[in-house]
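A short worksheet on the structure shown next.
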Amino acid sequence: MGEMIHPVLLYLGIALGAVGVWLALPRKGVNPQPVGGLIATIAAGLVIGGLSLRAADAAGLPNPYFYVFAAVALGASLRVITHPRPVYAALYFILTVLASAGMYLLLAAEFMAFALVIIYAGAILITYLFVIMLATQAPSEEEVDA
């Protein structure tokens, strides 16, 4: 724990991220989703930046692709829980799984990456998408835009 940032700062960043995610959740009435997403993004950037600065002092920065995959995974996972339509939430979850698989590939854990994609994106989420599509009702004539 000596090589990480101070635990209080880490916990404050995580708490700020939790407040941002809470604000980003869909609700009726006035919806502060963009503000919550911005707060969650800033908090994630502060936590990852703080951890990266301490890692740079100790052993060097991680691969730059790690930051790309981590940003995609964090953004897509935020949209999984904040998107009001379940089909799009499932598609964002597939994006989260693919970004996580990319991070496994950076760690040279190819089997874990391919197993993650095959099991989650290939089997479970496709089944989930079929259930969502079969369970939804077709729009009535009044709902169809001409």
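Shape of the stretch 14-141 from its Cα gyration tensor (a ≥ b ≥ c, root eigenvalues): rounded if a/c is under 1.5, otherwise prolate when a/b > b/c, or oblate?
Note, shape of the stretch 14-141 comes out oblate.
For residue 123, put the label point 7 Å out on the Cα→Cβ axis and report which residues of the stretch 75-115 keep their amide N under 11 Å from it.
115, by backbone N distance to the label point.
Between residue 135 and residue 42, what is the FRET efficiency for a Förster distance of 41 Å, r being their Cβ-Cβ separation, to the nearest 0.05?
The computed FRET efficiency comes out at 0.65.
Multiplying the sequence separation of residue 107 and residue 71 by 0.36 nm and subtracting their Cα-Cα distance, what value in nm do you get?
Values: separation 36, 0.36 × 36 = 12.96 nm, distance 1.68 nm.
Between residue 107 and residue 71, full extension yields an extra 11.3 nm.
Each reported figure results from applying straightforward, stated rules to the coordinates on display, with no laboratory input. What you are looking at is a predicted structure, and each value in this text was computed from that prediction instead of being measured. We place every Cβ from the backbone using ideal geometry, glycine too, and count neighbours over all the protein chains shown.
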